[in-house]
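The structure appears below as structure tokens.
The values are calculated or read from the model by the stated rules, or taken from the named source; none is laboratory data. Since the structure is predicted, the reported quantities are computational estimates derived from the model, not experimental observations. Backbone-built Cβ (ideal geometry, glycine too); neighbour counts: all protein chains shown.
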Amino acid sequence: MTPQLKFVGRLFAFLALMALSGCNLVVMSPSGDIAKQQADLIVISVVLMLLIIVPVLFLTLFFAWRYRSTNTKAPYDPEWHHSTRLEVIIWSAPLAIIIALGAVTWISTHKLDPYRPLDRIDDQRPVTAEMKPINVEVVALDWKWLFFYPDYGIATVNEMAAPVDVPINFKITASSVMNSFYVPALAGMIYAMPGMETKLHAVINKPGEYEGLSANYSGDGFSHMRFKFHGVDQAGFDQWVARVKQNGTALNRDAYLKLEKPSSKEPVRYYANVEDGLYRAVLNMCATPGKMCMEEMMHIDMMGGAGTESQENREKLEHDNRHAGEAAHGAPAATFPATGEPARSDQSQSPAEKPATQHDMHNMPGMQHNNQGGAAPAQLNNEAPAKP
């Protein structure tokens, strides 16, 4: 090898080490048992796949060197076309790897199911009946995180805490668009969806301050949608709860509706008390007064629907908080007749190209007015006049 190639190789190795030194390896070195098992699954899968990849790469280079044109000692057999021994090796090894990967995936899929309650604190300690879990209700807002602690009657924004070695039961939802709740040191990411509730069971095994974030793009403030997760001992957790109660304000419907409005880079907020049923109202998308709850709508559907009377429920089921009021300010919104605004394409179309509106249909040939003022085809109004 020439000195120039040696220098380039050493420079590349140095740059690679420098790049790796800045990496955050929290995914492969987590502090929670669930995340640790997931990291072990990644390692096992990679090792099993390398059992095929490494020999293939080695044999590719070996054959290229062994049977090069300048090696006259290598056997040359232009009539060779089949080897049973080689076929068995080629097919049996990948088949064994696939079976092993399938078994590992099947077991881990059920064992690491986020909806499955924990059965262990770590690989040495099982969960016992005396261990009372911490319940946390999570709401993904635009663009911040709201955490309810129903057992303590408190709530926080962009900060949460949990005792070390205590199971945590998460219930997760969103206010407007889909997000993803993710604390890499704790467990894998779980989707947060409006009108739906997902669950996660996890535990933190080491004290520390960990990063939490949204792992699903959700708009302008997505990159700042982060929070701090504090893993503390029981005494530290009790102090944290006391600090929230001492420094917090009240979280009622009005305060929540103000908090729900889109904003980014929100500071940490504490709420010393929470209005009863607020999380359930958020989950059912009826925190705003006058809105119909999802469970009410599902009950109507289960009973067969409300028929024509359901027209009055349309406004009660409009839940988009991002564009509320745009139509009132003249901004483009939904098309006519949902908001009374014309379609955007109408501005660029000629009258002949525009779709017919209800007013235009009244004046079409063959169209007549019915008794209610609406339009109906002529053939529907062709009853014979009453005889005198």
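Listed here are the residues, each with its yes/no results for (1) free of Cβ contacts under 8 Å to residues at least 40 places away in the same chain; (2) within 21 Å of ILE98 (Cβ to Cβ); (3) in the same structural domain as ILE98 (by TED's automatic domain parsing).
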residue	(1), (2), (3)
GLN37	no, no, yes
MET49	no, yes, yes
VAL54	yes, yes, yes
LEU59	yes, yes, yes
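Considering GLU87, GLU79, GLU137, the condition of being surrounded by fewer than 17 Cβ atoms within 10 Å (Cβ to Cβ) and either in a helix (DSSP H, G or I) or modelled with pLDDT of 95 or more (or both) is satisfied by GLU87 alone. Return a yes/no flag: does the range 205-216 have any residue that is at pLDDT below 95, farther than 27 Å from ARG120 by Cβ and surrounded by 17 or more Cβ atoms within 10 Å (Cβ to Cβ). Yes, the conditions are met somewhere in the range 205-216. One residue stands out in the range 221-267 among those that are aromatic (Phe, Trp, Tyr) and out of contact with any helix residue (DSSP H, G or I) (no Cβ under 9 Å at 6 or more places or on another chain): the one that is modelled with the lowest pLDDT, namely PHE222.
Filtered by the rule that a residue be crowded, with 17+ Cβ neighbours inside 10 Å and farther than 12 Å from THR156 by Cα, the range 241-281 gives ALA255, GLU260, GLU275, LEU278, TYR279, ALA281. Whether any residue in the range 234-257 is under 20 Å from the mean Cα position of the chain (by Cα) and farther than 27 Å from LYS36 by Cβ is what I want to check. The answer is no, given that none of the residues of the range 234-257 is under 20 Å from the mean Cα position of the chain (by Cα) and farther than 27 Å from LYS36 by Cβ.
Of all positions in the range 109-127, at least one carries a residue that is part of a strand (DSSP E or B), free of Cβ contacts under 8 Å to residues at least 60 places away in the same chain and in contact with a strand residue (DSSP E or B) (Cβ under 8 Å, 6 or more places away or on another chain). Being of a type outside the set (Val, Ile, Thr), surrounded by fewer than 19 Cβ atoms within 10 Å (Cβ to Cβ) and modelled with pLDDT of 95 or more: is that true of HIS201 here? No; evaluated as a whole, the condition is false for this residue. Does ALA281 count as among the hydrophobic types (A, V, I, L, M, F, W, C) and more than 28 Å from TYR115 (Cβ to Cβ)? Criteria not met by ALA281.
Listed by position, the helices (runs of 4 or more DSSP H) inside the range 188-305 whose residues that are under 15 Å from TRP145 (Cα atoms) and not aromatic (Phe, Trp, Tyr) number at least 2 are 253-260, 278-283. Checked against (1) of a type in the set (Lys, Arg); (2) assigned to a strand (DSSP E or B); (3) modelled with pLDDT under 95, LYS132 passes all but a single condition, namely (2).
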